[in-house]
Amino acid sequence: MKNLALLLFAALVSAAAAAQTTSCAVPGTNNEFLGIQTVRLWPGPAPQATGTSCFDIPAITVFAPRQGAGNGSAIVIFPGGGYGMLAADLEGREVADWFTVRGFTAFIVSYRLTSHGYIMPVPLFDARRAIQTVRARAADYHIAPNRIVVIGFSAGGHLAALASTEPVPGDADSQDAISRVSSRPDYVVLGYPWLGAIGPDMDHLNYCKQYKLMDQCTQLTQNYSPDLHVTKDTPPTFIYHTFDDQTVPVEQSLRYYDALVKAGVESELHVFAHGEHGSGLGKGDPSLDQWPVLLNNWLRARGLLTPEAVKR
């Protein structure tokens, strides 16, 4: 059953990636009526870009809260998809809507994918830049620069964890205003994260195996395994997983949680007994629908749902 689930997931990722033609974020597309805009992360070609299609242009799609309802908090969203596609609805739009209802300004990140030739660290470059963009333009987006939360699901959870454990400090001497601020998020939320994406465990879906990078896997594992880079400065973290996840074993979240605890990082882990991988915000399951309630409580306890006056 486990091997079948992995094969089906890998096939889905490959098929979806092959079928994509226009299903990626297109910078410059705005809908003021719905409070949505998509902007590119770099004004010119992104670092290591190999083309000019929307798959080569990392971007953020911005969702504003209802006018007058913003609370000054931001959520930066990394959809999953095995680095082969982006689950932009289930782990993107639905998540953005959940947060904007609560007063957040939401940013869905369209990061570059390994299925389109962008291996690590390129997706991490995009993740860092997205957080820096939100922080540098905090006044434009009516948010507080110290209330930036990142959330990631599956592969997006791996990327969110990397962004939180391997941030870059701001370069005060940079001519680029966005590069002057830190990429470290203030809080992290991980949903069934593929934290062991890059590693020696070949019994489960593996980044190196999926993308034929076995000759680079030792170095990739050392550089991009989040649990190896946790420090006391890693942001407070909330993790959700299910015990019988057949695609990403719960042991990966347990290992990461253990690293957080050992580093003294304030963290919270919720493991539900049953639930398939890719459950999003619960998908109507009576049990799994409770994890966003727990997340809501966690956000409230940190003051992130309380409105804060911000510079305009």
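Quick look at the values:
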| item | result |
| --- | --- |
| DSSP beta bridge pairing in the chain, given as percent antiparallel to the nearest 5 | 35 percent |
| Phi to ³J(HN,Hα) by Karplus 6.51 cos²θ - 1.76 cosθ + 1.60 over segment 229-235, Hz, x for Gly, Pro | 10, 5, 9, 5, 8, 5, x |
| Spatially near lysine pairs across segment 2-301, Cα under 22 Å, sequence gap of 8 or more or different chains | 4 |
| Selected from I108, H270, V62, residue furthest toward positive end of dipole (the chain; charges at beta carbon) | V62 |
| At least 24 Å along the helix axis (C-alpha) and Kyte average at least -0.5, DSSP helices within the chain | 2-19 |
| DSSP-loop trypsin sites (Lys or Arg not before Pro) across segment 169-242, with at most 12 other Cβ within 10 angstrom | K212, K232 |
| Among A96, A144, A172: highest mean-square fluctuation, GNM of the chain, C-alpha pairs under 10 Å | A172 |
| Average Cα contact separation per residue, the chain, under 8 Å, 6 or more apart, as relative contact order % | 16 percent |
| Magnitude of the charge dipole, segment 241-312, Cβ model with Lys/Arg +1 and Asp/Glu -1, debye to 20 | 520 debye |
| Segment 215-299, relative contact order in percent, only Cα pairs under 8 angstrom and at least six apart counted | 29 percent |
| Cα lying deepest toward the dipole's positive end in segment 227-294, options V261, F238, L294, charges on Cβ | V261 |
| Max mean-square fluctuation residue, GNM over the chain, Cα-Cα springs under 10 Å, options D215, D258, D56 | D215 |
| Segment 185-312 - charge dipole about Cα centre, Lys and Arg +1 at Cβ, Asp and Glu -1, debye rounded to 20 | 500 debye |
| Size of charge dipole - the chain - debye, nearest 20, with Cβ of Lys, Arg +1 and Asp, Glu -1, no other charges | 700 debye |
| Whole-Hz couplings from phi, Karplus 6.51/-1.76/1.60, listed for segment 42-54; x for Gly and Pro | 10, x, x, x, 6, x, 6, 5, 10, x, 10, 6, 5 |
| Separation between Cα centres of segment 137-204 and segment 247-312, rounded to whole Å | 16 Å |
| Furthest towards positive pole of dipole, N146, P123, V188, structure part the chain, Cβ charges | N146 |
| Over the chain: helical MRE at 222 nm, DSSP H runs n ≥ 4 each giving -39500 (n - 2.57), nearest 500 | -8500 deg cm²/dmol |
| Histogram of C-alpha separations across the chain, 10 Å bin width, % | 6, 29, 38, 22, 4, 0 |
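Just so you know, all these numbers are worked out from the coordinates, no wet-lab data involved. Predicted model only: the values in this text are computed from it and were never measured. Quick reminder, even Gly has a Cβ in these numbers, built from the backbone with ideal geometry, and neighbours come from all protein chains shown.
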